[in-house]
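Undergrad: I have a structure here, written as structure tokens, and I will follow up with some questions on it.
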Amino acid sequence: KGANGSTYTVEFDTIEQADEVASILNNPYYLWIVAKMRIDGRIRKTHLETFPIVNIEEVLTEEQKEYIRTNPI
């Protein structure tokens with residue numbers, strides 16, 4: 001989709017960097033968290049900037065992962 005004035009975009013130095021971040025964020029746990037943070041279908045830039053750019057499964061506890069698995073969007 002095309003960006004408009006309210007679309008948050010991130011610039012990367014290389015395609016490899018962009019692919020690496022996309023692979024981290026394209027995780028069922030991350031996607032669940034993003035969906036839950038939406039307000040009126042949108043998420044704020046300030047929320048996105050608080051996400052760790054690491055494998056989310058290394059950050060979440062087993063209890064948190066179980067909660068996400070048992071509470072679908």
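Undergrad: Enumerate the pairs (first residue in region 15-29 and touching a residue at least 24 places away in the same chain (Cβ under 8 Å) and closer than 15 Å to residue 55 by Cβ; second residue anywhere and open to solvent by less than 60 Å² (accessible area, probe 1.4 Å) and of a type in the set (Phe, Trp, Tyr)) with beta-carbon separation below 9 Å, excluding pairs fewer than 6 apart on the same chain, so at least 6 apart or on different chains.
TA: From residues that are touching a residue at least 24 places away in the same chain (Cβ under 8 Å) and closer than 15 Å to residue 55 by Cβ, the pairs are 24/30; 25/51.
Undergrad: Continuing with the same structure: Would you call residue 19 among the charged types (D, E, K, R), at pLDDT 80 or above and exposed (fewer than 10 other Cβ atoms within 10 Å of the Cβ)?
TA: Details: among the charged types (D, E, K, R): yes; at pLDDT 80 or above: yes; exposed (fewer than 10 other Cβ atoms within 10 Å of the Cβ): no.
Taking the combined requirement at face value, the residue does not satisfy it.
Undergrad: Give the number of residues within region 44-57 that are without any contact (Cβ under 8 Å) to a residue 24 or more places away in the chain and either open to solvent by less than 80 Å² (accessible area, probe 1.4 Å) or farther than 15 Å from residue 21 by Cα (or both).
TA: So the count comes out to 4.
Undergrad: Select the helices (runs of 4 or more DSSP H) contained entirely in region 21-69, then report the ones holding at least 1 residues which are more than 21 Å from residue 9 (Cα to Cα).
TA: Hits in region 21-69: 28-37, 56-59.
Undergrad: Filter region 26-63 down to the residues that are aliphatic (A, V, I, L, M) and within 17 Å of residue 73 (Cα to Cα) and list them by number. If you could, list the steps in order and put the result at the bottom.
TA: First, the residues of region 26-63 that are aliphatic (A, V, I, L, M): 31, 33-35, 37, 39, 43, 48, 53-54, 56, 59-60.
Scanning region 26-63 gives 31, 33, 34, 35, 37, 39, 43.
Undergrad: For region 29-43, which positions are open to solvent by 100 Å² or more (accessible area, probe 1.4 Å) and modelled with pLDDT of 85 or more?
TA: 36, 38
The values are calculated or read from the model by the stated rules, or taken from the named source; none is laboratory data. For clarity, every value in this text was computed on a predicted model and none was experimentally measured. Ideal geometry is used to build each Cβ from the backbone, glycine not excepted, and the neighbour counts take in all protein chains shown. Side chains included, ligands, DNA and RNA excluded: accessible areas come from the protein's heavy atoms. Shrake-Rupley method; radii C 1.70, N 1.55, O 1.52, S 1.80 Å.
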